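Everything on this sheet refers to the single structure shown next.
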Amino acid sequence: MFEYFYKYGSPRHFYDLSKMFVPWLGGICLILLIAGLTGGLVLAPPDYQQGEGFRIIYVHVPSAWMSLFIYMVMATAGATGLIWKVKVADALARASAPLGASFTFLALVTGSLWGKPMWGTWWVWDARLTSELILLFLYLGYMALQTAIDDRRTAARAGAILALVGVVNIPIIHYSVEWWHTLHQGPTITKLDAPSIHISMLVPLLIMALAFMFYYAAVVLLRARYEILENERNSAWVCELIEQRRG
Amino acid sequence: MNPRRRKLMLSVTFIVLGMGVATALALKAFQQNLLYFYSPVQVAAGEAPTTRPFRIGGLVVAGSVKRDVESLAVRFVLTDTLREITVDYEGILPDLFREGQGIVANGRLRPDGTFEASEVLAKHDENYMPPEVADALTAAGVQLPYRAKNTAP
Amino acid sequence: MSSLQSFLHMGGYAFYVWSAYGLSFIVLVLNVVLPLKREQQFFRALIKRKERVSKNK
């Protein structure tokens, strides 16, 4: 099993394989996005309290979910690269950081745009918002480490350790609304009993979340391909690729 | 598994667990400061600061909102279903401010036990539903926050 | 008011809703375009270097 893993985990195989996957993942993402946006912006009824303003949920919540999910992927990939020295895992971790930062940024900004009309404020320093902001700084710190350290192997190792140190923040973000009084409301979907959102509003939300998931899968491969090229710029197979491009 | 990998694996576990324990202890120590707001019960028990401003959270008691006709001044009663506290505020209220709605007010406690708010924020709950469903629920006797007709600006 | 107009109006929340969606769109598109551009630049730079090397031979 490990042989298989190492074979397909080799940078070259990954580079070729990912080329095949990206268009498919991207295509599925586009279809889901169109379905989710139609459902969320047109078909879903307005909320009984927030009217049309609640439609921000369809970008805010999937972004927030992705910001947590991508961090876990980044930390896991970082640990895999650290322990088993899998180069592709390092590339995936490095490629995940800007995406995670983007989604965290979107979750914060769309939340702010939602908070202003509904809560009456752009920002409050409650536990949920503050821990999500710390997540953004963790991503930015990781990215800064990658640019600051020239040797890419050392950068990957340092980044993995930073990512692992920050993992503690993930459960804090998730449970902050239950552990402390916050302005942010409690969980809607992930509580154990039935979700407290009407089915006609829930379906587009889940479709949008799935669309964001496929988006991440497609774009992280796209970015990891570049990271691998950069890692292997002096290897024989990259030279071959360049010869092909010249010819 | 070779010894080097085992050592690395142990370090990784140690980092994650160590950070977890350290953070849990730190958060426990700062528990009070992480509360975004106090409830009327806590205020009644004297847990809230009396010298500096703090935030108070609760539900607006139905029928308690009295608006001044000439200014933006408003007075309402806030409850956590156990204790009540009267809040005075002058300014613009958020869209979601309604009777029965959860809100958070920032301000000071006056010596007479009423609360002088400098800022009022609405805290919405985690329920989302179409107006028709809300109507049906109300008809069935389920308590929902008061709904104002056409609240959009 | 036509239905398109009322759709764009978003019950008075137009600014908030459309900025949230617009910004998300921009960020998501940039995350696709920038790495593709960088990959192109990478190949261009390496091809140039190769040509220099082969000329000097």
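Does A:Y71 fit the bill of being open to solvent by less than 30 Å² (accessible area, probe 1.4 Å), at pLDDT 95 or above, within 16 Å of A:L210 (Cα to Cα) and not β-branched (V, I, T)?
Numbers: open to solvent by less than 30 Å² (accessible area, probe 1.4 Å): yes; at pLDDT 95 or above: yes; within 16 Å of A:L210 (Cα to Cα): no; not β-branched (V, I, T): yes.
No; evaluated as a whole, the condition is false for this residue.
Restricting the search to the stretch A:131-186, which residues are among the polar types (S, T, N, Q) and more than 11 Å from every other protein chain (Cβ to nearest Cβ)? Give the derivation first.
Applying the first criterion (among the polar types (S, T, N, Q)) to the stretch A:131-186 yields A:131, A:146-147, A:154, A:169, A:176, A:182, A:185.
The answer is A:Q146, A:T147, A:T154.
Residue-wise test of (1) open to solvent by less than 30 Å² (accessible area, probe 1.4 Å); (2) modelled with pLDDT under 90.
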{"residue": "C:S2", "(1), (2)": "no, yes"}
{"residue": "C:F15", "(1), (2)": "no, no"}
{"residue": "C:N31", "(1), (2)": "yes, no"}
{"residue": "C:R49", "(1), (2)": "no, yes"}
{"residue": "C:K57", "(1), (2)": "no, yes"}
Test for A:S112: is it assigned to a helix (DSSP H, G or I) and within 23 Å of C:L34 (Cβ to Cβ): no
Residue under evaluation A:V61, criteria (1) crowded, with 24+ Cβ neighbours inside 10 Å; (2) closer than 18 Å to A:L136 by Cβ, criterion not met: (1)
Whichever residue in the stretch A:204-247 is under 23 Å from A:I149 (Cα atoms) and open to solvent by 50 Å² or more (accessible area, probe 1.4 Å) and, among such residues, is farthest from the other protein chains (Cβ to nearest Cβ): A:N231
Candidate set: the stretch A:40-53, residues that are touching a residue at least 60 places away in the same chain (Cβ under 8 Å) and in a helix (DSSP H, G or I); chosen: the one farthest from B:G102 (Cα to Cα): A:L43
First in the stretch B:83-100 and facing chain A (nearest Cβ under 9 Å), second anywhere and part of a loop (DSSP other than H, G, I, E, B) and surrounded by fewer than 16 Cβ atoms within 10 Å (Cβ to Cβ), Cβ under 9 Å, 6 or more apart: B:I92/B:L72; B:L93/B:L72; B:D95/B:A152; B:D95/B:P153; B:R98/B:Y146; B:R98/B:A148
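Residues checked against (1) free of Cβ contacts under 8 Å to residues at least 12 places away in the same chain; (2) within 14 Å of chain B (Cβ to nearest Cβ); (3) surrounded by 24 or more Cβ atoms within 10 Å (Cβ to Cβ); (4) aromatic (F, W, Y):
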| site | (1), (2), (3), (4) |
| --- | --- |
| A:R94 | no, no, yes, no |
| A:A97 | no, no, yes, no |
| A:G100 | no, no, yes, no |
| A:F103 | no, no, yes, yes |
| A:V109 | yes, no, no, no |
| A:G120 | yes, yes, no, no |
| A:V124 | no, yes, no, no |
| A:L129 | no, yes, no, no |
Subset of the stretch B:30-72 [polar (S, T, N, Q), under 17 Å from B:T114 (Cα atoms) and open to solvent by 70 Å² or more (accessible area, probe 1.4 Å)]: B:T50, B:T51
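Report whether or not C:S24 is more than 7 Å from chain A (Cβ to nearest Cβ) and free of Cβ contacts under 8 Å to residues at least 12 places away in the same chain.
Values: more than 7 Å from chain A (Cβ to nearest Cβ): no; free of Cβ contacts under 8 Å to residues at least 12 places away in the same chain: yes.
No; evaluated as a whole, the condition is false for this residue.
The values are calculated or read from the model by the stated rules, or taken from the named source; none is laboratory data. Fair warning: this is a prediction, and the values are worked out from it, not measured in the lab. Quick reminder, even Gly has a Cβ in these numbers, built from the backbone with ideal geometry, and neighbours come from all protein chains shown. Only protein heavy atoms, including side chains, enter the accessible area calculation; ligands, DNA and RNA are left aside. Shrake-Rupley method; radii C 1.70, N 1.55, O 1.52, S 1.80 Å.
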